[in-house]
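Step one of this worksheet: look at the structure below.
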């Protein structure tokens, strides 16, 4: 671990559990319980990074190997420009991911068929399919519904999906077993 990565790790340790190892490659690294903790460090130029907890978006922290008072005017301007360029690149990549997710969701929705009223989930819940659609994904039957407000924009790709999906194993419901839709061999029945 370089000197700047070690200093960055110590800074993280003051705010949250640090990762076992710092990888200075300019990419977001997730770690900790449920991968909720994250960090990113840019080792080129004046090393700088950020870290936080996805569960607490208001608690993101920035770090730089040199304080602004230690930088020359030229270093400060170059550092500021580099951070702005990185932010623009990150925003552009996020926008590309959103557009890709949106296109995939629109394709999935347009290729899906109206939901089968005999779908195990619908029978177990005792509901009609109304405007649900059904398709296959990764070997599972997927039920989907249209977004309530498809123009609503949020910061994460999954919220752009027009095909809000519930993945369920497709089993025709057995009236003897409401939970799984299958006859259970270990069920005790009253006589």
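Rounded, prolate or oblate, given the Cα gyration tensor of segment 3-98, with a/c below 1.5 counting as rounded? Oblate. Legend: calculated FRET efficiency, residue 1 to residue 140, from the Cβ-Cβ distance at R0 = 30 Å, rounded to 0.05, equals 0.10.
Which FRET efficiency, nearest 0.05, do residue 13 and residue 110 yield, Cβ-Cβ r, R0 45 Å?
0.35
If R0 is taken as 30 Å, the Cβ-Cβ distance between residue 99 and residue 128 corresponds to a FRET efficiency of 0.30.
Each of the peptides 101-109, 25-33 was scored by the mean count of other Cβ atoms within 10 Å over its residues; in descending order, highest first, they stand as 101-109, 25-33.
All of the numbers you see were taken from the coordinates with simple rules; none came from a lab. Here the structure is a predicted model, which is why all the values come from computation and not from measurement. Note that each Cβ is placed from the backbone with ideal geometry, even for glycine, and that neighbours are counted across all protein chains shown.
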